[in-house]
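Engineer: Can you read through this structure? Questions will come right after.
The values are calculated or read from the model by the stated rules, or taken from the named source; none is laboratory data. Please read these numbers as outputs of a predicted model, since none were measured by experiment. All Cβ positions, even for glycine, are placed from backbone atoms using ideal geometry, and neighbour counts span all protein chains on display. Keep in mind that these areas ignore ligands, DNA and RNA; they rest on the heavy atoms of the full protein, side chains included. Shrake-Rupley method; radii C 1.70, N 1.55, O 1.52, S 1.80 Å.
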Amino acid sequence: QVQLVESGGGLVQAGGSLRLSCAASARPSSRYAMGWFRQAPGKEREFVAVINWGGSSTYAEAVKGRLTIPRDNAKNTVYLHMNSLKPEDTAVYYCAAAEVSWLVVRDGEYDYWGQGTQVTVSS
């Protein structure tokens with residue numbers, strides 16, 4: 001069973017930056033996608049960003065230009081670099097891994113999930 005462990009959440013002021021990390025305990029498959037989702041209080045979980053094995057990525061409109069999702073395949077790790085943070089970015093952030101090689105934006109297509117890390121942006 002693959003486990004995903006997130007780290008790097010915290011409290012930051014609006015306009016600030018945070019770096020999240022998500023490390024997989026093992027390689028989920030030969031080529032796998034890794035993504036980030038978030039869930040704000042009282043709202044459904046939503047897609048944030050995804051990167052495939054080859055390094056292609058896609059982002060939710062709400063975060064384009066502010067967040068990036070690099071990955072290190074040798075370390076089975078994905079990151080979420082967040083800049084120009086806004087109070088509406090406040091949520092629990094979850095990383096996920098899918099045993100497919102393409103970009104996955106639907107949460108139902110992911111095979112493994114982390115426990116989540118809180119990000120709070122104060123105004």
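Engineer: Looking only at residues in segment 96-123 that are of a type in the set (S, T, Y) and not in a strand (DSSP E or B), which one is most open to solvent (accessible area, probe 1.4 Å)?
Structural biologist: S123
Engineer: Let me ask something additional. Which fully enclosed strands (runs of 3 or more DSSP E) of segment 18-95 have 1 or more residues being among the hydrophobic types (A, V, I, L, M, F, W, C)? Write out each step before concluding.
Structural biologist: Working: elements: 18-24, 33-39, 46-51, 57-59, 77-82.
Result: 18-24, 33-39, 46-51, 77-82.
Engineer: To continue, here is another question. Just give me the residues in segment 33-62 being of a type in the set (K, R) and open to solvent by less than 70 Å² (accessible area, probe 1.4 Å), in sequence order.
Structural biologist: R38
Engineer: If you don't mind, another one. Looking at L85, L80 in this structure, which one is surrounded by 17 or more Cβ atoms within 10 Å (Cβ to Cβ), closer than 20 Å to S123 by Cβ and of a type in the set (A, V, I, L, M)?
Structural biologist: L85
So that you can scan it fast, the table gives a plain yes or no per residue for (1) hydrophobic (A, V, I, L, M, F, W, C); (2) more than 13 Å from C22 (Cβ to Cβ):
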site	(1), (2)
I69	yes, no
K75	no, no
Y79	no, no
L85	yes, yes
Y94	no, no
T120	no, yes
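Engineer: What number of residues in segment 8-32 are open to solvent by less than 80 Å² (accessible area, probe 1.4 Å), closer than 15 Å to R71 by Cβ and out of contact with any Cys (no Cβ under 6 Å at 6 or more places or on another chain)?
Structural biologist: Total meeting the criteria: 8.
Engineer: Output the residues belonging to segment 25-41 that are modelled with pLDDT of 95 or more and farther than 12 Å from T117 by Cα. Steps first, please.
Structural biologist: Going residue by residue through segment 25-41, those that are modelled with pLDDT of 95 or more are 33-40.
Within segment 25-41, A33, M34, G35 meet the criteria.
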